[in-house]
């Protein structure tokens, strides 16, 4: 009988010790999410460098996957450069010969227009093995601010590329989404920027497919993220109405209802492939 109680007590003690170690490990993980202050510090901002390099790093061509349509930087500059000032600084859908949307273009910080995929430079602020760290860090380091308050009343829709979005302390939904998606892609995850609407109006967010499950990641909420369990499964994100998805290379269009919570399937039509003109090096991504 005595031996039996010893075994029971030993097992109970083992469970308690194991649980304590688990809690300690979890707490350590939570501290690592945002604790390294160095990783959360804003890098020195050189506006001249960040805006000047865009004309080299973001130049490219989008090729339609449905016909022989394409748009390069020269034709994009010609089309959008002719618009009056009050209509020039927005994002625009580009249609193919049959008037089907095949890519997007957006106004950059330097007031030029570039193809949507080009804003994902391959920028990874720092490496981490924890999938939730990019969302947790971005939620804390970047504040939401409308474009017209950042750049002026006539600048209604301006996109920061992923490197700029890390350097600048303020930005709107596209800026948050571009940095987060690029960071996750750089860590090896399947992430895309989604463009669409919320009931309150136009919006951009990130869709992450991880181990067969889709998640909607919303960095503008500024919520406290401790683990992947804090990610919102896409099936529950019923207020999000996606129209377009894109990553560094491809762009998809939702041909079904925007009320969908499904980010994969036949209703997502692959419309274009982006090819960057110049290769981006690690030196280009350094501050």
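All of the numbers you see were taken from the coordinates with simple rules; none came from a lab. A quick note: this is a predicted structure, and the numbers were derived from the prediction, not measured. Backbone-built Cβ (ideal geometry, glycine too); neighbour counts: all protein chains shown.
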- [ ] Provide the gained length on full extension for the span residue 100 to residue 41, in nm with one decimal, where the gain is 0.36 nm per separating residue minus the Cα-Cα distance.
- [x] 16.9 nm
Open item on the list: Starting from the 7 Å offset along Cα-to-Cβ, what nm value, one decimal, do you get for the label separation of residue 278 and residue 226?
Closed with: 4.6
Open item on the list: I'd like the distance between the alpha-carbon centres of region 181-201 and region 106-161, rounded to an integer number of Å.
Closed with: 11
Task: Along principal axes, Cα extents of the chain, largest first, whole Å - done: 91, 45, 36
Task: All-pairs alpha carbon distance profile, region 134-209, 5 Å steps from 0, percent - done: 3, 16, 26, 26, 18, 7, 2, 0
Task: Contour excess over end-to-end distance, with Cα ends at residue 189 and residue 77 and 0.36 nm allotted per residue - done: 37.0 nm
Task: For the chain, calculated [θ]222 nm from helices alone, where every DSSP H run of n ≥ 4 adds -39500 (n - 2.57) - done: -9500 deg cm²/dmol
Open item on the list: Applying a 10 Å radius around every beta-carbon, put 256-262, 100-106, 63-69, 188-194 in order of their mean neighbour count, most first.
Closed with: 100-106, 188-194, 63-69, 256-262
Open item on the list: I'd like the orientation of helix 2-34 relative to the chain: the angle between its Cα long axis and the longest Cα principal axis, in ° from 0 to 90, rounded to 10.
Closed with: 20
Task: By average C-beta atoms within 10 angstrom, highest first, the peptides 266-278, 78-90 - done: 266-278, 78-90
